[in-house]
Amino acid sequence: MTQEIKAPQGGRALAGEVDAVVSPTRYGVLRRRIVLLMVVVSVVPLLAMTMINLQQYHATLDREVQAPLRAMLNKTKNSFELFLAERTSTVSFIAAAYSFQDLANDRNLNRIFQVMKDKFEGFVDLGLIGSGGVQVTYAGPYSLKGRDYTDQPWFNEVQFKGRYISDIFLGFRKFPHFIVAVQHLADDGTSWVLRATIDTGQFDRLIASMGLEPEADAFLVNRSGVLQTVSKFYGKVLDPLPFDMPPQSLEPTVRTMTDPSGRSLFLAYVYIPDTDYVLMVVKPRSDIMRTWHSLRTDMAVVFVIGVILILAVAYRITASLVERLRESDERRELAFRQVEHSQKLSSIGRLAAGVAHEVNNPLAIINEKAGLMQDILAMRKDYPDRERFLGLIDAIIKAVGRCRTITHRMLGFARQMDVAIETLDVNEIIRETASFLEREASYRNVVLGLHLGENLPHIASDRGQLQQVFLNILNNAFAAVNEGGAISVTTWEKDIETVGVSIKDDGCGMSEETQRHIFEPFFTTKKGSGTGLGLSITYGIVKRLGGDISVLSKVGQGTTFTLFLPKTPPEGARI
């Protein structure tokens, strides 16, 4: 924070007291709070909006991915169900339409089998098994007549359920196939089983008809997790599935998972009713979610850039607002101090003027009586102790003169002296004032240097009051410097309206505390010899003439008073 507001060269006017009131910590705290509030108000909604958008987009993307998978899975499941239902119904129809004796005839069974193969794809063979579990007749490429199936699990299950669709197995045929077996009860209470073997090629065709992308895979497994068709990623028929079976669901279900190779997948599956088959489709998430990751990255970049912009704008706006607030506070505080100082000067001035008027009258009487006493003594040459009395009268007259000087200054302080505006050469006034102090400078060996600006424009001001101003400051400078010290006076044209004057000494300087009070009335550091009115009168004169004054000082390094005098005084100064 600057030391003052109206100190053109970095000096101190009344701003020292402003500094004590306007603390920089206060504005730093205010700035941090405003920035924090603006950031919270701006960033939190932006973050919430970003997170909601990402969540909504992710959910939408999941729905867009999962819905087609469910639809495709459901369609293929229906195809499997239709295929199995047709084959089972065909076998059931033959079992119901023909008697045991008809089917037990090899010729009839072969004719029926040929019709089945012509009308429905996939049938490999057809056999009639008696209630004892022994195959009675067989139509197909193998010699299976007389084979006993009593110990086969499927035979017991068909006896229990009436129909049976097996998993895919190799059997003694040594190629993947499954069987459809149907039990038929005759009117006489006897039973027999019609068993058909079906090729799994139809399963492969149904899966191929799904039209999957190259990176996707579809296959059929049984409930024990054994592949029933070839899988692109997980092996061939009858290989175990390398991950756990999902929970049973008769509706198409999509879930995310990571397979043993570490790939993140969408797994769509459905359990096919009345069978052990589970239809599965896997789709890598990386390909599907590439758009999601790209969007997430873009939104993260936009969010970070947005936060940076918000921080920058909040900081700049807050800095500007706080700076303006600080300047406003300083101006208000300075104005308050100036008004307070002026009121103090005015009150003391009125008091001083009253005292001066009251003292001037007795002084005039004393001076008049002392003069009369001199005249009387002059007429009586033989008066005893005449010389002694004349000396005492001279002392009285000198004391009266000194008192008049003091009362004159008190009247000047009280603004009882009229302002006489005239066109002046500041350099000439400074030379004239400096001449008053030449003897003292010579006696104390003080160098009084004048660095007066050439072609310095004339100003309209009061000669007597300017002399008093310069004399007061120079007197203080002489009091501050030691023998052999230096004092320099510099003048220059500051701008088109103002002339600058600086009076610099290399004396003892002043502390910060002293600088805060030097323009206050009756404040003095010259204990026993100063009145404390010199700089107060100087300050009042400069202000009344429309100028400004400041001081820059440091203990042990000297003091510089800087004055800026207007070329044209304000209207009030002419009164």
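The values are calculated or read from the model by the stated rules, or taken from the named source; none is laboratory data. In this text, all values refer to a predicted model and were calculated from it rather than measured experimentally. Methodologically, a virtual Cβ is constructed for each residue, glycine included, from the backbone with ideal geometry; neighbour enumeration extends over all protein chains shown. These accessible areas exclude ligands, DNA and RNA; they are computed on the full protein's heavy atoms, side chains included. Shrake-Rupley method; radii C 1.70, N 1.55, O 1.52, S 1.80 Å.
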When only residues in region 172-219 that are out of contact with any helix residue (DSSP H, G or I) (no Cβ under 6 Å at 6 or more places or on another chain), touching a residue at least 24 places away in the same chain (Cβ under 8 Å) and acidic (D, E) count, which is least open to solvent (accessible area, probe 1.4 Å)? D217
Test set (1) in contact with a Phe, Trp or Tyr (Cβ under 6 Å, 6 or more places away or on another chain); (2) farther than 23 Å from A95 by Cβ; (3) not in a loop (DSSP other than H, G, I, E, B) - P246 fails condition number: (3)
Take I487 and decide whether it is under 13 Å from T559 (Cβ atoms) and crowded, with 16+ Cβ neighbours inside 10 Å. yes
Is there a residue being loosely packed, with under 13 Cβ neighbours inside 10 Å, part of a loop (DSSP other than H, G, I, E, B) and under 60 Å from the mean Cα position of the chain (by Cα) anywhere in region 383-405? no
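Listed here are the residues, each with its yes/no results for (1) modelled with pLDDT under 90; (2) part of a helix (DSSP H, G or I); (3) farther than 30 Å from L267 by Cβ.
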site	(1), (2), (3)
R31	yes, yes, yes
M49	yes, yes, yes
Y57	yes, yes, no
V65	yes, yes, no
N78	no, yes, no
D102	yes, yes, yes
R107	no, yes, yes
L128	no, no, yes
Restrict the check to region 258-268 and report whether at least one residue is aromatic (F, W, Y), touching a residue at least 60 places away in the same chain (Cβ under 8 Å) and open to solvent by less than 70 Å² (accessible area, probe 1.4 Å). yes
The number of residues in region 273-319 that are among the acidic types (D, E) and open to solvent by 70 Å² or more (accessible area, probe 1.4 Å) is 2
